[in-house]
Amino acid sequence: MLSTKKRHLILFLLGIFLLAAIVISGYLGKYPIQFEEYMSTILSRVFPAHFEATPEVSTILFKIRWPRIILAVLIGAGLSMSGATYQALFQNPMLSQDILGASQGAAFGAALGLFFNQSYEVVVLFSFVLGLGAVLLVLGLNRLIKSQSKLNMILIGMMVGSLFSSAVSFLKLIGDPTNTLPAITYWLMGSLSSVKMQDVYFAAPLILLGMLPIYFLRWQLNVMSLGEVEALSLGINVKVVRLILIASATLITATAVSISGLIGWVGLVIPHFARLLLGANYRYTIPATAFCGGVFLLIVDDFARLLTTSEIPIGILTAFIGAPVFIFLVAKNSRQLGRD
């Protein structure tokens, strides 16, 4: 059992590691930049009187690399927190952030925008709205059948997600095989290659707005992970807290998918890794999940843009890395729980 001091130390080290990964990721790229010039350009934004920045390097850093770095960290942290939230709420470590259909709904929205040859901004808007709409549909159907079972909500989410996935497949079937089909297929693989600073202005506030309630309610999340009866006996309004947490996780997922496309395994794998480091206490696991998720997706995105001359879709790499790591982490956590 880790002491409180050790847990705080681990969180501090994770924060330092994330900061270092951000700085290093900004330096890495296909356009070579001297490290002194790189640091001078960054510091010129904070201390303009003491440091100089060349226009070319400023353009590369602040219009191309840094928007991508910011969104990689936020999306990785947000998806990881969403996955951990659903795993605690439904008491199932095999769940991820798309269990209630948000990812599939957002995918259909983006595919619909691409099918009708809409602009990038409209595609993002379609994706965001339908991602939220999918979860609202799940909650509405769950209320319609007056079910109190968490398993029923999961099953409804799987059904709604399957319907939206089928709709995406239908659009791919009837779409123009020269333009529409490749655009939809590439978007579904997930990528941060086309993000701009405008995407940061749109996505960052929404993702942070979803992350904050999860962070501040992590105490209640601890109790709710034990079951509704225990939560009610301790005076927690289960329905209200659950609704807030589901709304927050959905907002994060819909926003992330609308910007980056489908990026799998992050919300499933990272919470297991955080629990391996700090245990099942969500007071520490939630911030650790955010740090680990941000670092993970940032590093994977670095490989996606640097491994080959043509960029690899990030969703391919997260699946390639996430699947074997997930099996290892589940086995490791199971042995640890057995010892405890």
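At a glance:
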| read-out | value |
| --- | --- |
| Residue match in region 206-219 (condition: touching a residue at least 12 places away in the same chain (Cβ under 8 Å), of a type in the set (Ser, Thr, Tyr), more than 26 Å from ALA88 (Cα to Cα) and open to solvent by 50 Å² or more (accessible area, probe 1.4 Å)) | no |
| Residue tally, condition part of a helix (DSSP H, G or I) and open to solvent by 100 Å² or more (accessible area, probe 1.4 Å), over region 14-34 | 2 |
| Pair list, Cβ < 6 Å and 6+ apart or interchain, from region 280-291 residues that are among the small types (Gly, Ala, Ser) to residues that are assigned to a helix (DSSP H, G or I) and open to solvent by less than 10 Å² (accessible area, probe 1.4 Å) | ALA288/ALA274; ALA288/LEU278; ALA290/ALA77; ALA290/MET81 |
| Conditions (1) open to solvent by less than 60 Å² (accessible area, probe 1.4 Å); (2) over 18 Å from ALA107 (Cα atoms); (3) not in a helix (DSSP H, G or I): number failed by GLY264 | (2) |
| Residue under evaluation LYS5, criteria (1) open to solvent by 60 Å² or more (accessible area, probe 1.4 Å); (2) of a type outside the set (Asp, Glu); (3) under 27 Å from the mean Cα position of the chain (by Cα), criterion not met | (3) |
| Only one of LEU74, LEU130, LEU79, LEU100 that is more than 25 Å from MET153 (Cα to Cα) and in contact (Cβ under 8 Å) with a residue 24 or more places away in the chain | LEU74 |
| Tabulated pairs, region 14-30, first over 19 Å from LEU277 (Cα atoms), second at pLDDT below 95 and outside any helix (DSSP H, G or I), C-beta under 9 angstrom, 6+ apart or interchain | TYR27/ILE33; LYS30/THR309 |
| Residue among LEU130, LEU141, LEU79 that alone is within 29 Å of PHE296 (Cβ to Cβ), modelled with pLDDT of 90 or more and either open to solvent by 20 Å² or more (accessible area, probe 1.4 Å) or of a type outside the set (A, V, I, L, M, F, W, C) (or both) | LEU130 |
| All positions within region 83-131 that are among the aliphatic types (A, V, I, L, M) and closer than 24 Å to SER225 by Cα | ALA84, ALA88, LEU89, MET94, LEU95, ILE99, LEU100, ALA102 |
| Top-ranked residue of region 42-67 - restricted to ones that are among the aromatic types (Phe, Trp, Tyr) and under 19 Å from ARG305 (Cβ atoms), ranked as modelled with the highest pLDDT | TRP66 |
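Residue-wise test of (1) among the aromatic types (Phe, Trp, Tyr); (2) under 30 Å from ILE69 (Cβ atoms); (3) in contact with a Lys or Arg (Cβ under 9 Å, 6 or more places away or on another chain); (4) part of a helix (DSSP H, G or I).
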site: ALA167; (1), (2), (3), (4): no, no, no, yes
site: PRO177; (1), (2), (3), (4): no, no, no, no
site: THR185; (1), (2), (3), (4): no, yes, yes, yes
site: LEU192; (1), (2), (3), (4): no, yes, yes, no
site: GLN198; (1), (2), (3), (4): no, yes, no, yes
site: ALA203; (1), (2), (3), (4): no, yes, no, yes
site: ILE207; (1), (2), (3), (4): no, yes, no, yes
site: GLY210; (1), (2), (3), (4): no, yes, no, yes
site: PRO213; (1), (2), (3), (4): no, yes, no, yes
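The values are calculated or read from the model by the stated rules, or taken from the named source; none is laboratory data. Because the structure is a prediction, the values reported are computed rather than measured. No Cβ is skipped: glycine too gets one built from the backbone with ideal geometry, and neighbour counts run over all protein chains shown. Ligands, DNA and RNA are stripped out before the accessible areas are found, and what is left, the full protein with its side chains, is counted by its heavy atoms. Shrake-Rupley method; radii C 1.70, N 1.55, O 1.52, S 1.80 Å.
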